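Each remark here refers to the structure printed beneath this line.
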Amino acid sequence: MKVAVVGAGVMGCATAWALSERGADVTVHEQFALDHDRGSSHGRTRIFRLAYPEPHWVELAQDAYEGWKQLDPSLLGLYGLIELVPDPALTSAQALEERGVPYRLLDRDEVRKLGATMPDGWTALYIADAGVVFADRARHAFLEAAGVDVETNRRVESTDELDADVVVVTAGSWVRDLVPDVPVTVSRETLAYFRRVGPPLPSIVDLNTETGGHGMYSLHDPVHGLKVGAHHAGSPADPDTEGTPDSALVERISAWVSERFPDVDPEPVEAQTCLYTTTADEGFILERHGRVVVGSACSGHGFKFAPAVGRRLADLALA
Ligand SMILES: Cc1cc2nc3c(=O)[nH]c(=O)nc-3n(C[C@H](O)[C@H](O)[C@H](O)COP(=O)(O)OP(=O)(O)OC[C@H]3O[C@@H](n4cnc5c(N)ncnc54)[C@H](O)[C@@H]3O)c2cc1C
């Protein structure tokens, strides 16, 4: 079976890996250079975690965990994760129990020993099966394991132009150019790096009381030390228009660093942008329509799931 994959972001690379695992004849097509920074998958790290308030996300993360270990366990930095919540009902405790994932609650001194502060009256849930996935290395590892070369600097204008039995569209924020009715919105998000020396800190997610979802997040960066961002805080964006970090968001991120990490200099050493492709319920769109398989798995939290998403898209393509 000849399968063409559009897009060499992490979802396209993971799908190429899963297809090759199953003996398909795979080609991958990317509009930019392989290591470009215009989409959603660039950069050194992303948060990896099994902790989600919903059991179905925990289950998908567990699947992905097995996939990362099969591909290369060193792609994960298991430094742990702390969920900081103003209301204990907002933690992932119940879903983790349902899925048999161990966790424990930390008190303020324990959180402080891990380099951060916890506001009065908040709850801290800690899990060890979490930390970071080394993003750039992961994309290359998928492609090397798949034994697939990427045709770069070629923009696919229509799935009809590809000589393949099936076409998998993992085009990130550009998905609607090839599959117009996919219900997603695109935003340009801002993140910043802070100088920190010492052993990697656990990743931290501050849950937002209004949404119950993530507010601010932080994770280890192997170059500067700490990477920090504000979840779903960016503005609507056109992926074809390059953008710059939002200075107001950089200020907000820096203020959070000075509050949450008293040992870290809150002066950012670098700021960057990245695109979110978001669905209304932050779920993933993994569907087949005739000869075309669509894989839109982002909403700002997709990377960690790539091995599992890649395998589900391969299943659809080879069905
Ligand atoms: C700031 C930020 C922080 C994040 N943090 C986390 C985190 O901590 N943990 C986590 O799990 N996830 C996180 N995510 C989400 C995660 O990074 C994304 O879900 C994931 O990278 C999406 O990958 P993708 O392959 O779908 O998209 P992309 O990486 O954008 O890949 C799509 C590719 O398709 C190419 N393309 C598009 N159209 C065409 C065409 N017509 N022809 C050829 N090529 C084309 C594009 O150039 C691009 O390379 C974060 C995302 C951002 C932006």
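The values are calculated or read from the model by the stated rules, or taken from the named source; none is laboratory data. Since the structure is predicted, the reported quantities are computational estimates derived from the model, not experimental observations. Neighbour counts run over all protein chains shown; Cβ positions are idealised from the backbone, glycine included. Each accessible area value is taken on the protein alone, full model and side chains, heavy atoms only, with ligands, DNA and RNA left out. Shrake-Rupley method; radii C 1.70, N 1.55, O 1.52, S 1.80 Å.
Note on the chain: with a GNM built from Cα contacts shorter than 10 Å, the maximum mean-square fluctuation among Ala248, Ala237, Ala124 falls on Ala248.
When the charge dipole of the chain is built from unit charges on Cβ atoms (+1 for Lys and Arg, -1 for Asp and Glu) and taken about the Cα centre, the candidate among Ala89, Val3, Leu78 whose Cα reaches farthest toward its positive end is Leu78. Estimated from the Cβ-Cβ distance and a Förster radius of 25 angstrom, the FRET efficiency linking Glu259 and Glu59 is about 0.15.
The helix-based estimate of mean residue ellipticity at 222 nm for the chain, built from -39,500 (n - 2.57) per DSSP H run of four or more residues and divided by its residue count, is -8000 deg cm²/dmol to the nearest 500. Taking all protein chains into account, the per residue accessible area for the chain stands at 41 Å² (1.4 Å probe). Would you look at the GNM of the chain, springs on alpha carbons closer than 10 Å, and say which of Asp221, Asp129, Asp240 moves the most? Ranking Asp221, Asp129, Asp240 by mean-square fluctuation puts Asp240 first.
A simple packing score, the average count of other Cβ atoms within 10 Å per residue, orders the peptides 96-109, 289-302 as 289-302, 96-109, with the highest score first. Expressed as a whole percent, the accessible surface of the stretch 2-318 that belongs to carbon and sulfur atoms is 49, based on a 1.4 Å probe. In the chain, a dipole from Cβ-located charges (positive for Lys and Arg, negative for Asp and Glu) runs towards its positive end, and of Val250, Val101, His232 it is Val101 whose Cα lies farthest in that direction.
Taking the centroid of alpha carbons for each part, the stretch 152-228 and the stretch 1-40 are 16 Å apart. In this simple spin-label model, placing a label point 7 Å from the Cα along the Cα-to-Cβ direction at both Lys113 and Asp72 gives a separation of 3.4 nm.
Just to be sure I follow the rule: in the chain, considering lysines 8 or more places apart or on different chains, how many pairs have Cα atoms under 25 Å apart?
On the way: Lys69/Lys227; Lys69/Lys304; Lys113/Lys227; Lys227/Lys304.
Summing the qualifying lysine pairs gives 4.
The separation of the stretch 292-319 from the stretch 243-259, counted between C-alpha centres, amounts to 31 Å.
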